[in-house]
Amino acid sequence: MRGLAVALTVLLGTGLAAADPALDALVAAYPDHLAGYENNQLVFKDGTSLPIDDGIRGKSFERLLDDPDIKDQFALPYPLGTASLKPPAANEDPGRIRNQALFVKMYGDCRNGEVKARMKAVPWLPSRGGGTVMITTVNGVADQLAKVSRDLEQLPAEMTRYLVPSSGTYNCRVIAGTKRLSVHAYAAAIDLNAKFGDYWQWAKTKGGTLAWKNRIPLEIVEVFERHGFIWGGKWYHYDSFHFEYRPELIALAKKGWPK
């Protein structure tokens with residue numbers, strides 16, 4: 001029934017709009033905010049809208065990162081699961097393309113103090129001394145992270161060192177070397193223990209090519225993906241201890257999109 005309701009909402013207005021799997025997944029992933037889409041506009045429940053496609057084709061990778069439209073967010077499908085994990089190809093960064101206007105609209109602008117008011121403390125592996133982390137309640141992120149924590153506590157004890165202490169959730173900052181707000185600025189991401197993390201900007205390249213690195217056990221990745229979080233370890237510009245809430249990408253991956 002919920003899928004039917006989403007489809008009706010998406011088609012509302014013109015009666016002729018062609019369904020778009022990516023946009024359908026986006027609307028379904030954020031039902032508290034999104035009402036549907038029509039006439040190249042993503043429509044919010046408060047009656048406002050954002051343009052979906054800016055009409056610019058052949059964008060460079062750098063432009064996709066710095067100035068993406070909403071449709072660009074789906075340019076690179078997220079490879080769900082770990083069974084066939086392999087190092088990503090050059091510039092294969094599924095999930096790093098983010099339309100900032102959309103994220104600010106949903107989560108608030110931390111530069112105006114809007115994000116902090118929507119956060120709550122979530123127990124983080126409390127039986128293993130993880131304490132609490134501050135995370136947004138918007139889009140149910142806090143509830144999903146609580147489920148992640150509960151599932152992680154079921155993993156063997158030797159996994160604890162990768163998870164405790166956490167290296168942080170909320171941080172009102174831009175991504176290093178850019179003007180783009182980090183997902184941490186929306187309190188919708190968590191970094192695991194940086195002692196065991198690998199990050200592309202810490203690495204040296206050989207002939208301009210990055211050598212992919214990861215020390216985070218894949219059992220941990222599977223838990224996060226189960227609850228709507230994507231993993232930065234699946235990026236060519238890897239951030240192996242970073243997880244962010246992107247349920248639309250997970251949902252599309254489960255459907256095998258694009259087919």
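The values are calculated or read from the model by the stated rules, or taken from the named source; none is laboratory data. Treat the numbers as computed from the prediction; the structure is a model and nothing was measured. Cβ coordinates were reconstructed from backbone atoms using ideal geometry, including for glycine residues, and neighbour counts include every protein chain displayed.
At-a-glance table
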item: Residue within segment 106-116 that is closer than 23 Å to residue 180 by Cα, aromatic (Phe, Trp, Tyr) and either without any contact (Cβ under 8 Å) to a residue 60 or more places away in the chain or surrounded by 18 or more Cβ atoms within 10 Å (Cβ to Cβ) (or both) present; result: yes
item: Residue ID - surrounded by the most Cβ atoms within 10 Å (Cβ to Cβ), chosen from residues in segment 137-165 that are of a type in the set (D, E, K, R) and within 17 Å of residue 122 (Cβ to Cβ); result: 153
item: Residues being more than 20 Å from residue 185 (Cα to Cα) and among the acidic types (Asp, Glu) - total across segment 214-245; result: 3
item: Subset of segment 179-191 (residues that are touching a residue at least 12 places away in the same chain (Cβ under 8 Å) and surrounded by fewer than 23 Cβ atoms within 10 Å (Cβ to Cβ)); result: 179, 180, 181, 184, 191
item: Residue count for segment 117-130, restricted to those that are more than 23 Å from residue 175 (Cβ to Cβ), of a type outside the set (Val, Ile, Thr), assigned to a strand (DSSP E or B) and touching a residue at least 24 places away in the same chain (Cβ under 8 Å); result: 1
item: Criterion: modelled with pLDDT under 95 and farther than 17 Å from residue 224 by Cβ - qualifying residue of 185, 121, 176; result: 176
item: Within segment 136-150, tally of residues that are of a type outside the set (Ser, Thr, Tyr) and either at pLDDT below 95 or touching a Lys or Arg at 6+ places or on another chain (Cβ under 7 Å) (or both); result: 2
item: Segment 40-68, subset touching a residue at least 40 places away in the same chain (Cβ under 8 Å) and part of a strand (DSSP E or B), residue surrounded by the most Cβ atoms within 10 Å (Cβ to Cβ); result: 42
item: Strands (runs of 3 or more DSSP E) completely within segment 165-259 that count 1 or more residues being out of contact with any Gly (no Cβ under 8 Å at 6 or more places or on another chain); result: 189-191, 229-231
item: Filter pass, residue 211 being touching a Lys or Arg at 6+ places or on another chain (Cβ under 9 Å) and under 17 Å from residue 90 (Cα atoms); result: yes
item: In segment 214-259, residue farthest from the chain's Cα centre (by Cα) [restricted to those that are closer than 15 Å to residue 82 by Cα and charged (D, E, K, R)]; result: 215
item: Conditions (1) surrounded by 16 or more Cβ atoms within 10 Å (Cβ to Cβ); (2) over 27 Å from residue 62 (Cβ atoms); (3) touching a Ser or Thr at 6+ places or on another chain (Cβ under 9 Å); number of the one not met by residue 195; result: (1)
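Residues checked against (1) under 19 Å from residue 148 (Cα atoms); (2) polar (S, T, N, Q); (3) in a loop (DSSP other than H, G, I, E, B); (4) at pLDDT below 95:
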residue	(1), (2), (3), (4)
84	no, yes, yes, yes
88	no, no, yes, no
91	no, yes, yes, no
95	no, no, yes, no
101	no, no, no, no
104	no, no, no, no
134	yes, no, no, no
